[in-house]
1. Of Val132, Gly262, Met347, whose Cα points farthest to the positive end of the dipole of the range 33-355 (charges on the beta-carbon: +1 Lys, Arg; -1 Asp, Glu; origin at the Cα centre)?
2. What's the magnitude of the charge dipole for the range 32-104 around its Cα centre, counting Lys and Arg as +1 and Asp and Glu as -1 at the beta-carbon? Answer in Debye, nearest 20.
3. Would you pull out the residues with amide H under 5 Å of Ile248's amide H, same chain only if 5 or more places away, H placed 1.01 Å from N?
4. Out of residues 5 or more away from His38 or on other chains, whose amide H comes under 5 Å of its own, with H placed 1.01 Å from N in the peptide plane?
5. Is there a quick way to get the dipole size of the range 219-275? I mean about its Cα centre, with the Cβ of Lys and Arg at +1 and of Asp and Glu at -1; what is the value in debye to the nearest 20?
6. Considering the values [x] 27, 26, 21; [y] 33, 24, 18; [z] 55, 20, 15, which represents semi-axes √(5λ) of the Cα gyration tensor in Å as calculated for the structure under consideration?
7. Between the range 219-264 and the range 284-363, what's the alpha-carbon centroid distance in Å?
8. Loop only per DSSP, at most 13 neighbouring Cβ atoms within 10 Å: give me the GluC sites (Glu not before Pro) in the range 212-292, ordered by residue number.
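Here, each number is a calculation from the coordinates, and none is a lab measurement. These numbers come from a predicted model, not from an experiment. Neighbour counts are summed over all protein chains in view; Cβ atoms, including those assigned to glycine, are modelled from backbone coordinates with ideal geometry.
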Amino acid sequence: MFHRCTPHAPSTDHGGDHDHAYHIGDGKKHFTVDIHCHVVVPEAVAAMAGKTASPMQARAEKNALTDEINKKQSVDLVPKFTDPQVRIKDMDRDGIDVQAISPSPYHYNYGYPADATRSTCHLINDRIADIVGDNPDRFVGMGTVPLQDPEMAVAEMDRCINDLGFKGIEISTNVDGKELTRAGLEKFFAKAEEAGTLIFMHPIGTSFEDRMDDHYFRNLIGHPLESALAVGHLVFDGYLDRYPGLKICIAHGGGYVPSYWGRFDHPWERRDDCRVNISKTPMEYVKKLYFDTVVFTEPQLRHLIEVWGPDHIVMGTDYPFDMAEPDPVGHVNSVKDLSEADKALVMGANAAALLGIEVPVKS
């Protein structure tokens with residue numbers, strides 16, 4: 001029996017636009033949604049050539065072997081990043097009915113002039129809209145916005161949701177080194193809360209480089225650390241208290257926080273500096289969040305489900321990077337003693353509720 005630390009399962013009233021039926025593969029028990037998968041738009045990469053970048057934006061890998069592997073991967077994976085038909089074949093192979101496609105984190109561009117980033121956001125979001133429009137039974141869209149300019153960010157979010165029909169916005173864990181809670185984004189978060197827009201938080205590299213040059217540590221350690229810092233600020237700066245209706249999903253199983261949340265709660269009762277902006281235990285705020293399944297091992301995924309509840313875990317892959325989970329459905333199926341009803345939540349129903357899409361019924 002799994003303990004649910006959250007009191008409510010997702011609503012069955014998904015809202016949204018139901019003009020078409022979503023795909024469900026033959027012979028499958030459950031509708032499946034991959035909430036964590038990326039698209040690259042080459043025109044957006046080319047558009048930034050020659051633009052002035054901040055020091056953080058301009059950082060490059062210092063480890064020669066890591067740089068070589070990353071460059072090779074960026075070439076080898078072009079068809080998967082750019083060709084929807086290649087992607088759909090991989091989805092069919094892996095048992096994925098629908099992908100919630102979001103931009104590659106390399107597309108954030110927060111360290112460039114805001115007007116240049118707004119232009120690339122338009123290119124990226126329009127391309128995602130085209131992919132979804134051509135394959136509406138297989139994809140839903142999540143966009144990117146120029147977070148370095150809060151007014152532009154709100155305007156582009158409005159365009160994504162109202163004009164392009166997107167279901168969410170992908171953001172990084174910081175804005176060119178500024179914490180999300182210290183970057184003037186109050187209107188952005190308020191608007192996302194009001195509109196019920198999913199925020200998918202995904203790090204890119206790390207702001208702590210000096211000890212992470214070797215062994216791909218910028219990703220292996222840097223990504224979960226960045227997510228932990230972002231969640232910490234959202235909790236302790238009071239943003240999850242101020243905007244209680246926010247829907248936020250954290251990539252890579254939420255980083256380090258979901259596995260070590262007791263270190264947030266313990267000092268809350270003992271230190272004034274951990275209670276400045278919040279009136280409840282940190283656990284009460286963290287349990288509002290959603291975490292994807294990209295944690296690779298059965299014990300880690302089982303822990304996420306046991307502590308945070310099967311209603312707050314959503315299936316993801318990180319497709320098509322080499323850090324992706326290669327068997328997302330099998331990964332969920334591997335969890336010991338997980339009921340079929342809870343598998344249905346994790347594999348697709350939770351994501352459908354967050355994204356406002358209809359869960360198809362098999363005939």
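1. Going by the charge dipole, the pick is Gly262.
2. Charge dipole, the range 32-104, about its Cα centre: 320 debye, nearest 20.
3. Those lying under 5 Å, H to H, from Ile248 are Ile199, Tyr290.
4. Correct list: Ser102, Tyr319.
5. Taking the Cα centre of the range 219-275 as origin, the dipole is about 100 debye.
6. The value matching this structure is [x].
7. Going from one Cα centre to the other spans 17 Å.
8. Listed in order of number, the matching sites are Glu269.
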